[in-house]
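Input: a single structure, listed below in structure tokens.
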Amino acid sequence: MRDLDLSNLRLFVTVCATRSLAQAGAQHHLVGSAVSKRMQQLEAQLGSVLLARHRRGVLPTAAGEVLLGHAKAILERADSAVQELSGLSSGIKGEVRIMATLSAILGQLPDDIADFLADPTHRQIDVSVTECNGREIVRSLRSGQTAVGLCWDREALDGLHVRPYMQDRLIAVVAPHSVLAHRSQCSFEDTLDFDHIGMPASTALRQSLDQAAVHLGRVIRYRMNVTTIDSVLRGVRAGLGLAVVPDSLLRNVSDGLRYLPLIDSWARRQLVVCSRPPQELSPASQLLVQHLEAVGLRDLAATTSKSSVGLQQS
């Protein structure tokens with residue numbers, strides 16, 4: 001049997017959809033007799049009667065229904081291949097909306113997006129970022145309001161496509177003259193004896209810390225609530241209190257303050273890239289997710305390497 005002709009399959013699908021040889025011919029710029037002849041050729045090739053005339057028009061037979069399902073799948077795959085190859089040659093177009101936690105935005109996410117957009121094949125892709133807490137991100141992903149989210153893996157992520165992005169650890173930032181300054185690490189409970197400088201109450205970090213304090217039967221005393229990491233550090237430097245922040249926000253900071261890793265198990269955190277299943281994403285969103293996943297794999301490899309070195313030295 002000769003290979004099936006895609007144009008005949010596409011014409012067959014149109015005939016089934018319109019229930020008319022004439023209407024199908026009009027859509028494909030063919031006369032009705034030409035459509036009839038090509039359908040007869042398709043039937044002869046497959047050795048089955050595919051179409052039958054009824055009062056309601058031309059309808060697929062049982063064999064025609066089987067072919068119809070396969071034809072739609074074949075044509076969808078062919079169209080997808082053409083679209084993907086076209087994207088490689090001319091660059092994929094599209095807009096991608098990201099919702100991310102404050103920690104991701106203040107961390108390396110802007111640099112990673114800039115690297116993605118610097119690729120010449122991505123020049124026709126627009127990326128926008130909105131700061132939200134984890135619950136809002138998951139809700140927006142499930143409702144289809146956003147394509148890609150970055151949040152902590154403690155959220156309810158079942159049913160979503162989830163990959164690791166970045167690991168960090170919460171640390172206490174204290175002034176050099178602080179009672180805690182001589183330590184190399186401390187527990188979160190140790191920090192509760194002092195005033196804190198905190199981020200806004202709506203942030204995932206603030207909510208996580210407040211919840212941890214409640215579990216200890218304590219309350220965090222906030223002397224200042226600020227919106228930027230620079231303001232946090234200025235408050236600590238002025239001696240107004242200490243701050244608990246992710247170490248990822250301070251990797252490029254050197255200001256004479258003391259950074260004490262928290263020994264609590266929950267202080268080690270995993271930021272993840274989450275989205276709906278890849279097949280439900282636009283080509284532009286798929287590319288960005290793949291880029292962020294690759295970043296996550298590099299970060300995971302680097303973290304594992306550092307852990308191995310630490311174990312060898314100990």
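The values are calculated or read from the model by the stated rules, or taken from the named source; none is laboratory data. For clarity, every value in this text was computed on a predicted model and none was experimentally measured. Please note: Cβ atoms are built from the backbone with ideal geometry, for glycine as well, and neighbour counts cover all protein chains shown. Surface areas here come from the heavy atoms of the whole protein model, side chains and all, with no ligands, DNA or RNA. Shrake-Rupley method; radii C 1.70, N 1.55, O 1.52, S 1.80 Å.
Before moving on, here are some points about what is shown:
- Structure-derived mean projected area of the Cα convex hull in nm² - corresponding label in (i) 18.9; (ii) 17.4; (iii) 24.1: (iii)
- Under 15 Å from the residue 207 label point (7 Å along Cα→beta-carbon), backbone N, the range 132-159: 132-142, 150-157
- Modelled this way, with points 7 Å down the Cα-to-C-beta line, the labels at residue 264 and residue 184 are 2.2 nm from one another.
- Surface listing: 259, 165 arranged by accessible area from highest to lowest gives 259, 165, probe 1.4 Å.
- Selection among 165, 187, 231 by position relative to the dipole of the range 112-235 gives 187 as farthest towards the positive end (Cβ unit charges, Cα centre).
- Over the range 145-302, accessible surface divided per residue gives 47 Å², non-protein components excluded, 1.4 Å probe.
- Beta-bridge orientation, the range 46-129: approximately 45 percent antiparallel, per DSSP, counting only bridges with both partners inside.
- Potential extension, residue 227-residue 80 segment - 0.36 nm per residue separation minus Cα distance: 48.4 nm
- Expressed as a whole percent, the accessible area of the range 179-255 that falls on carbon and sulfur atoms is 48 (1.4 Å probe).
- For residue 31, solvent-accessible area (1.4 Å; no DNA, RNA or ligand), Å²: 90 Å²
- Sum of -39500 (n - 2.57) over DSSP H runs of 4+, divided by residues of the chain (222 nm, nearest 500): -14500 deg cm²/dmol
- Rolling a 1.4 Å probe over the heavy atoms of the protein chains gives the range 1-76 an accessible area of 62 Å² per residue.
- Each Lys and Arg adds +1 at its Cβ and each Asp and Glu adds -1 at its Cβ; summed about the Cα centre, the chain shows a dipole of about 840 debye.
- Ranking 197, 74 by solvent-accessible area of protein heavy atoms (1.4 Å probe, all protein chains present), from largest to smallest, gives 74, 197.
- For the range 170-239: rounded, prolate or oblate by the Cα gyration tensor [a/c cutoff 1.5]: oblate
- Accessible area (Å², per residue) of the range 94-134, counting only protein heavy atoms and a probe of 1.4 Å: 46 Å²
- Accessible carbon and sulfur surface of the range 65-161 relative to its total accessible area, %, 1.4 Å: 50 percent
- Simple Cβ-charge dipole of the range 13-93, Lys/Arg +1 and Asp/Glu -1, about Cα centre, in debye nearest 20: 340 debye
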